[in-house]
Amino acid sequence: MRLQGFDRALFHPGQRLACALSGGADSTALLLALLEANAEKESLGVILTAIHVHHGLRGEEANADESFVRQLCTQHGIPLTVDHVDTPARQQAEGEGLEEAARELRYAAFRQLLTAGKADAIATAHTLDDQAETVLLKLLRGAWTEGLGGISPVLTSSAQPASAAETGTILRPMLQVRRSEIERFLRERDQPWREDSSNANTAITRNRVRHQLMPMLRSFNPSIDELLARTADIARDDHAYWQAEVARLLPALLLPGKPVRGGGRAVSTAVGSQSLALEIERLRPLPAALRRRLVRAAAAKLGSRLDADETLKLLALAGLASYPGLSGRNGARLELRDGLRAERSVRELRLSR
């Protein structure tokens, strides 16, 4: 059987494609699905290689994963790149969580392969189950619509990535494939795979969502995975629309620096100093959904990513929303994350760093 839901449309003949191969069920199925699609009469026509990242975790288990991947690639004649990275060192240096550090290093390895000209794209084995879990995690953390968009089928350097790791061309052809379908696909081919013991560790938030929260939600709605994945599709489409609207409207609302007597505006030339302002009366008649996005986009121009609470605070400072303990009086100020400062004047909401 074919892998149902596998998105062939992401690929084109002659594309140099590196399959991200951990040795787990998902990535092993991805490699086999690509090989089989290449062998069909209507071949994908991609030039297939693989990349494996050894994260410096799990000791001999991770070494065995690498051996499995090497053997699998040798068996199918697939050129393999193996990168060894030090995740604990990255975690300590950057103050990141273990999962975040591993992910940043993994995507850095992908980016290096792309920038070296060894591949045009990287294919990763994210599944519908991964998508559902991601959307739920984002929801629990208070994400905006772009966060509820979850995992994008295609991620390129022009897509304004959320972190430096998310650059290059990343393709996710299995976002409509269930994990149970993947395991059935492998069993039909008598293809073993590796199990990552850390996936059972419920001290990791994603694993608690996978092993505890998702099963409970399925008892309310057996189709919750598909529902959350559809929510991600809708959220991505909505975000794309709003991005275009904000890009069209924001330039007319932004004012650089601060007003000075006699007219005009003063812009600081100090290193690292930036400021801009939004005209409150031009924000006032706009729909609330658009106001929120414009305020967030203005902060983003100063390098700050506002969460929902901070956005509400700024709108309250401008007298365009209510927030406990905050008023929109002239001269009121706020200190927010990333060194962002906000000040209310009679006519403006000023942001600076």
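Just so you know, all these numbers are worked out from the coordinates, no wet-lab data involved. What you see is a predicted model, and the numbers here were worked out from it, not measured in a lab. So basically every Cβ, Gly included, is an ideal-geometry build from the backbone, and we count neighbours across all protein chains shown.
Taking the C-alpha atoms only, the angle from helix 179-188 to the longest principal axis of the chain is near 20 degrees. Annotation: peptides 186-196, 308-318, ranked by per-residue average of other Cβ atoms within 10 Å with the highest first, follow the order 308-318, 186-196. Residues whose amide H falls under 5 Å from that of ILE47, counting only those 5 or more places apart or on a different chain, are GLY14, GLN15, ARG16, LEU17, with hydrogens built in the peptide plane. Exposure proxy shown here: for ILE51, ILE204, the number of other Cβ atoms within 10 Å sets the order, fewest to most, as ILE204, ILE51. Cβ-to-Cβ counts within 10 Å put CYS73, CYS19 in ascending order as CYS73, CYS19, the fewest first.
Peptide packing: for 286-292, 80-86, the average count of neighbouring Cβ atoms within 10 Å per residue gives the ranking 80-86, 286-292, highest mean first.
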